[in-house]
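Written below as structure tokens is the structure these notes are about.
The values are calculated or read from the model by the stated rules, or taken from the named source; none is laboratory data. Treat the numbers as computed from the prediction; the structure is a model and nothing was measured. With ideal geometry, Cβ positions are generated from the backbone for all residues, glycine too; neighbour counts draw on all protein chains shown.
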Amino acid sequence: MSITRVRSNGTRGIARVAATLAAVTMMSAGLVGGTGSASGGADWPMWGGTPERNMVSSREGLPFSWDITTGRNVKWVADLGSQTYGNPVVSGGVVVVGTNNELLRDPKQGGDRGVVMAFRESDGEFLWQVTHEKLSTGRVNDWPFQGVCASPLIVGEVVYYVSNRGEVMAVDLRGFRDGENDGPVKDEKLTSERDADVLWRFDMMEGVGSFPHNMSNSSPVAFGNLLIVGTSNGVDESHVHVPSPRAPSIIALDRTTGKLVWEDNSVGEKILHGQWASATVGRIGGVDQAIMGQGDGWIRGYEVSTGKKLWEFDSNPKDSVWPKTRNELISTAIVADGLVFIANGQDPEHGEGVGHLYAIDATPRGDSTDTGRVWHYDRIRRSISTGALKDGLLYYADFSGYLHCVDAKTGKPRWVHDMLAAVWSSPVVVGNKVYLGDEDGDLTVFEHGPVPKVVAEMNMGSAVYSSVVPANGALYVVSRNKLFALAEGAHRAK
Ligand SMILES: [Ca+2]
Ligand SMILES: [Ca+2]
């Protein structure tokens, strides 16, 4: 496969990474916030739709073709900043997405900032925004113009997300439009209806000593009253030195107060580069586990209520060498069919290379690299995507632009499709269709099944780093600078 075929857009990678990283069934008692992909619930309140992060929805009747030029099947379009790497989430009638500040909505909040914007779900009207100035340390911690990268999480009336300043934020879904200044934070300087009502913030740089490499990125996941978040702790500009080896990779906060509950630092100074992954929560072997890829290329599972480490799995062959063949983990694990699925890869700026995809049994304890390996698929290239598993078929994309359909039981390939452009996005199964976007801005729709079949391909006008989000009769797609709400039968006038 050609290395040069994949175009780079020239901006600094990792931060961009964040991006794609930047996505629950209510079954297990503690899991919070999901309406359940399996149950066909309406909202999509987090990365992956549910805490198990499996990119699958049983929603029916969503469009699989549209035309952004004529407006066919386009319900509404909202403008975002100039670079958008995060994914929208939808809950309580509100669509929330991270972007940058190049669409200046408030002259009082000028300059380069990370921004989270909220829109009304029904018609796309802008509701409120929160902005975060860039860190004064610059690109080593907070890359210019990358904005807020990871998907937020909405639980009830609260939006949780990680800012470009390494803060875990909790803000009111209703902002100040409810006439109340909610939460412990009462000293917001901007309190109009278009501003955000902050409930609390937890600064991971100050609170646990994290040193984010290039960008802070993690999509929070909730379990009961806990919020599980990755810290993004990484190397410094030397790309060798880990300035904060004692900082944890993963933390749990109290959702109500923002106070630290548990933390784990199994990685220590073994961080290869950065840590931009998001945690997954699923019940396996009777234990509710938090599972996350970490900066040394290992995946770890924790008892989610206590933070006790249960198992750890090396995603790289023992003879691999960073950065040529040893990879980091940017992909979010999914829990499906009682197993954990995850692929490794690298910062897109590092280009293409070998990758590894695994099915992992999360019941063995300790070092489970051998005991937990159900299968290993080595035809995948470096990937920053997250998987989607339905009817025994696992879809997984790689950065080289291939969409792999793999037998989830055996790890044997069923088919591979070449998107002919780099893929940051994750495949999402909606009903009997599979959606995947690429860096050329093409969004391809496949028939879900053991045989490859392209149903449609639409260009979205600029790169699609995000993954499609199905919610309440609409499909949300984010390009570099626009948020599209697509619905069957809708027609947006020019
Ligand atoms: Ca409020
Ligand atoms: Ca407040």
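I need a count of the residues in the stretch 372-397 that are in a loop (DSSP other than H, G, I, E, B) and more than 23 Å from Val321 (Cα to Cα).
4
Here is a list: Tyr377, Tyr402, Tyr358, Tyr396. Which entry is over 26 Å from Ser216 (Cβ atoms) and touching a Pro at 6+ places or on another chain (Cβ under 9 Å)?
Tyr377 is the lone residue from the list that is over 26 Å from Ser216 (Cβ atoms) and touching a Pro at 6+ places or on another chain (Cβ under 9 Å).
On the basis of being surrounded by 15 or more Cβ atoms within 10 Å (Cβ to Cβ), away from ligand 2 (no atom under 16 Å from the Cβ) and at pLDDT 95 or above, does Gly110 make the cut?
no
Is there a residue in the stretch 452-470 that is at pLDDT 95 or above, farther than 22 Å from Pro88 by Cα and in a loop (DSSP other than H, G, I, E, B)?
The answer is yes, given that some residue of the stretch 452-470 is at pLDDT 95 or above, farther than 22 Å from Pro88 by Cα and in a loop (DSSP other than H, G, I, E, B).
List pairs: first in the stretch 177-196 and over 24 Å from Thr257 (Cβ atoms), second assigned to a loop (DSSP other than H, G, I, E, B) and away from ligand 1 (no atom under 12 Å from the Cβ), Cβ under 8 Å, 6+ apart or cross-chain?
Hits for this filter: Arg194/Arg105; Arg194/Asp106.
Given the criterion of a type in the set (Ser, Thr, Tyr) and more than 27 Å from Ser467 (Cα to Cα), identify the matching residue among Ser163, Ser192.
Ser192
In the stretch 170-187, what count of residues is obtained for those that are within 10 Å of ligand 1 (Cβ to nearest atom) and out of contact with any Gly (no Cβ under 6 Å at 6 or more places or on another chain)?
So the answer is 12.
Residue by residue through the stretch 290-325, note down the ones that are surrounded by fewer than 21 Cβ atoms within 10 Å (Cβ to Cβ) and either under 14 Å from Val229 (Cα atoms) or of a type in the set (S, T, N, Q) (or both).
Of everything in the stretch 290-325, those that are surrounded by fewer than 21 Cβ atoms within 10 Å (Cβ to Cβ) and either under 14 Å from Val229 (Cα atoms) or of a type in the set (S, T, N, Q) (or both) turn out to be Ser305, Thr306, Gly307, Ser320, Thr325.
From the residues in the stretch 423-433 that are out of contact with any helix residue (DSSP H, G or I) (no Cβ under 9 Å at 6 or more places or on another chain) and part of a loop (DSSP other than H, G, I, E, B), which one is surrounded by the fewest Cβ atoms within 10 Å (Cβ to Cβ)?
Only one residue tops the list, namely Asn432.
What strands (runs of 3 or more DSSP E), lying completely within the stretch 144-251, carry at least 1 residues that are within 16 Å of ligand 2 (Cβ to nearest atom) and crowded, with 24+ Cβ neighbours inside 10 Å?
Output list reads 158-162, 167-172.
For the stretch 198-218, does any single residue satisfy the condition of being within 14 Å of ligand 1 (Cβ to nearest atom), of a type in the set (Asp, Glu) and touching a strand residue (DSSP E or B) at 6+ places or on another chain (Cβ under 9 Å)?
Within the stretch 198-218 (the criterion being within 14 Å of ligand 1 (Cβ to nearest atom), of a type in the set (Asp, Glu) and touching a strand residue (DSSP E or B) at 6+ places or on another chain (Cβ under 9 Å)), the answer is no, since none of the residues qualifies.
Residues of the stretch 105-130 being of a type in the set (Gly, Ala, Ser) and more than 25 Å from the chain's Cα centre (by Cα), which ones?
Hits for the stretch 105-130 are Gly110, Gly111.
Being buried (at least 18 other Cβ atoms within 10 Å of the Cβ) and out of contact with any strand residue (DSSP E or B) (no Cβ under 6 Å at 6 or more places or on another chain) is the requirement here; does Thr363 meet it?
yes
Scan Leu436, Leu443, Leu420, Leu403 and give me the residue that is under 25 Å from Gly461 (Cα atoms), of a type in the set (A, V, I, L, M) and not in a strand (DSSP E or B).
It is Leu420.
With respect to Ser479, is the statement that it is under 18 Å from Ala421 (Cβ atoms), buried (at least 19 other Cβ atoms within 10 Å of the Cβ) and touching a helix residue (DSSP H, G or I) at 6+ places or on another chain (Cβ under 8 Å) true?
Criteria not met by Ser479.
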